[in-house]
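The structure appears right after this line, and notes come after that.
The values are calculated or read from the model by the stated rules, or taken from the named source; none is laboratory data. The structure presented is a predicted model; accordingly, all values stated were derived computationally and were not measured. Here the Cβ positions follow ideal geometry from the backbone for every residue, glycine too, while neighbour counts run over all protein chains shown.
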Amino acid sequence: MTAPNIETIVSLAKRRGFVYPSSEIYGGLGSAWDYGPLGVELCTNVKQAWWRWMVYERDDIEGLDSSIILNRLVWKYSGHEDTFSDPLVDCRECKTRLRADKLNDGKCPNCGSMDLTEPRPFNLMFRTHVGAASEDDDSTLVYLRPETAQGIFINFNNVLTTSRRKLPFGVAQIGKSFRNEVTPGNFIFRTREFEQMEMEYFVRPGEDEKVHQEWIDACRDWFLELGIAGDNLRLYEQPKEELAHYAKRTVDVQYRFFPEREDAEKQWDELMGIANRTDFDLRTHSKKPEDAEGKRLNPDSTDDLSYFDEPTKERFYPYVIEPAAGVNRTVLAVLMDAYTEKTNDKGETRVILKLHPSLAPIKAAVLPLAKNKPEIVALAKSIKRSLQPALRAVYDDTGGIGKLYARQDEIGTPFCVTVDHQSLEDNEVTVRDRDTWEQERVKVTELEEYLLKRLNK
């Protein structure tokens, strides 16, 4: 089957309750989306899968949840106030504002005009003020964080002291970030409000290159474990001219988000970035480092974020390896990769969302074959309640059994459990597999164990 484009996923997402346009009853808000009943479950499952892989399955990573609003000085010394910008141009013809670096042929994609202003930097951080002060009072100016990473760096000593960690170790964080993108779009691919999954892994200088490569390989493997097809993933080495000013090397895990584009190279875009940030961040937030002329780099800091290695009696600034992924883009990639179509015996085309069982919003749907039979309905509802503590289960009787199966296939539910007349006699139910449509009779007393085994295999 031809890979779906984003528009196909947009239609499915709204129809089945994954993602809705935000503020829709008031005309919406550009590039803002609300996650519906199934979407919030999918996002939660993605975050839990990442946290389990990153924190629980390792013994060298701690967790953190830092504030969204930080002292303005954090963004001054991180470089964001001066450098966190995109080149902005205006079309003099239609007044559209555009990113200059995205105009491959030098003309406005909206009206085709070549009459554009000269590029100028546009800072992407959202500005706000704290306290009861006027908006022109710079002493109260703060920003909504454009990344979660800085909250980790400024807490380096806190985590080090309270967890008694030794190098190498990491700090993981999941949280909202905000960027006033010039040209957001492509559904949840690029939005102004998004959620990040970031980890900063601190290592001794000289060991950074080896560790960086290990994380590159591990991150690609993680997406494969989520069920994403290897053919839709690739590693992209950022050339020097694309590297952030702090980066020694950055490799992106890219996904084929735009299969409909004729230019094969333009089909790919970033899913996760894995950067070697060197010691830039800990140095710039420390009070001690000096430049070549002996001038302190950060006269405002009250702390030194260097590391003292007791066995060697050395003090140095650790290098940082940063795997960073967006929840939104991961969810989009998962939905696109899981989307399949299958023809039934009647020649009807059905959509099947072949989500990895760990990510599926609903693990099992319990369906009564006859909703007008109180005994069947009662047994079905009882089975649903018994499963609910162990796994996410739902009860549905809002259609014929064929339509109920189709609905669950389309939202990615791995198993449907059908209660029929025979169930009242033999205390067995029919379990239907989403991907194969094969059915098997299972005793009610063994159903939970059966499903958990199938879900976790």
*May I ask you to say which residue of Thr278, Thr284, Thr250 is hydroxyl-bearing (Ser, Thr, Tyr) and modelled with pLDDT under 95?*
Thr284
*Being charged (D, E, K, R) and within 21 Å of Ile188 (Cα to Cα), is that true of even one residue in the stretch 64-83?*
no
*asked:* Please return the ranges of strands (runs of 3 or more DSSP E) entirely within the stretch 17-134 where 3 or more residues are loosely packed, with under 15 Cβ neighbours inside 10 Å.
replied: none
*Given the structure, is Gln196 more than 22 Å from Val40 (Cβ to Cβ), touching a residue at least 40 places away in the same chain (Cβ under 8 Å) and touching a Ser or Thr at 6+ places or on another chain (Cβ under 6 Å)?*
no
*What are the residues in the stretch 120-137 that are under 16 Å from Asp82 (Cα atoms) and modelled with pLDDT under 90, if any?*
Arg120, Pro121, Phe122, Asn123, Leu124
_All positions within the stretch 393-406 that are outside any helix (DSSP H, G or I) and among the hydroxyl-bearing types (Ser, Thr, Tyr)_ = Tyr395, Thr398
*asked:* Would you confirm, using the coordinates I've provided, whether Leu379 is in contact (Cβ under 8 Å) with a residue 12 or more places away in the chain, more than 26 Å from Ala49 (Cβ to Cβ) and part of a helix (DSSP H, G or I)?
replied: yes
*Looking only at strands (runs of 3 or more DSSP E) that fall completely inside the stretch 293-352, which ones have 3 or more residues that are crowded, with 22+ Cβ neighbours inside 10 Å?*
319-326
*asked:* Any residue that is surrounded by fewer than 18 Cβ atoms within 10 Å (Cβ to Cβ), in a helix (DSSP H, G or I) and modelled with pLDDT of 95 or more - is there at least one of those in the stretch 354-363?
replied: no
*Could you grab the pairs with beta carbons closer than 6 Å, sequence gap of 6+ or different chains, first residue in the stretch 9-32 and farther than 19 Å from Glu341 by Cα and in contact (Cβ under 8 Å) with a residue 12 or more places away in the chain, second one acidic (Asp, Glu) and outside any helix (DSSP H, G or I)?*
Tyr20/Asp34; Ser22/Asp34
_If I filter the stretch 99-113 for residues that are over 30 Å from Asn298 (Cα atoms), more than 33 Å from the chain's Cα centre (by Cα) and not polar (S, T, N, Q), do I get at least one hit?_
yes
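Results for (1) part of a loop (DSSP other than H, G, I, E, B); (2) at pLDDT 95 or above, shown as yes or no for each residue.
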residue: Phe202; (1), (2): no, yes
residue: Pro205; (1), (2): yes, yes
residue: Val211; (1), (2): no, yes
residue: Glu214; (1), (2): no, yes
residue: Ala218; (1), (2): no, yes
residue: Phe223; (1), (2): no, yes
residue: Leu235; (1), (2): no, yes
residue: Glu241; (1), (2): no, no
*Scan the stretch 4-16 for residues that are closer than 23 Å to Gln408 by Cβ and either in contact with a Leu (Cβ under 9 Å, 6 or more places away or on another chain) or not in a helix (DSSP H, G or I) (or both) and jot them down.*
Pro4, Ile9, Leu12, Ala13, Arg16
*In the stretch 135-159, what residues are of a type in the set (Asp, Glu) and part of a loop (DSSP other than H, G, I, E, B)?*
Glu135, Asp136, Asp137, Glu147
*asked:* For the stretch 257-280, check the following and say yes or no: at least one residue is among the aromatic types (Phe, Trp, Tyr), in contact (Cβ under 8 Å) with a residue 40 or more places away in the chain, assigned to a strand (DSSP E or B) and surrounded by 21 or more Cβ atoms within 10 Å (Cβ to Cβ).
replied: no
*Mind checking which residues of the stretch 178-212 are surrounded by fewer than 20 Cβ atoms within 10 Å (Cβ to Cβ), of a type in the set (D, E, K, R) and closer than 22 Å to Tyr307 by Cα?*
Arg204, Glu207, Glu209, Lys210
*asked:* Being aromatic (Phe, Trp, Tyr) and over 30 Å from Thr148 (Cβ atoms) is the requirement here; does Tyr339 meet it?
replied: no
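Would you confirm whether any residue within the stretch 396-410 is among the hydroxyl-bearing types (Ser, Thr, Tyr) and crowded, with 17+ Cβ neighbours inside 10 Å?
Looking through the stretch 396-410, at least one residue is among the hydroxyl-bearing types (Ser, Thr, Tyr) and crowded, with 17+ Cβ neighbours inside 10 Å.
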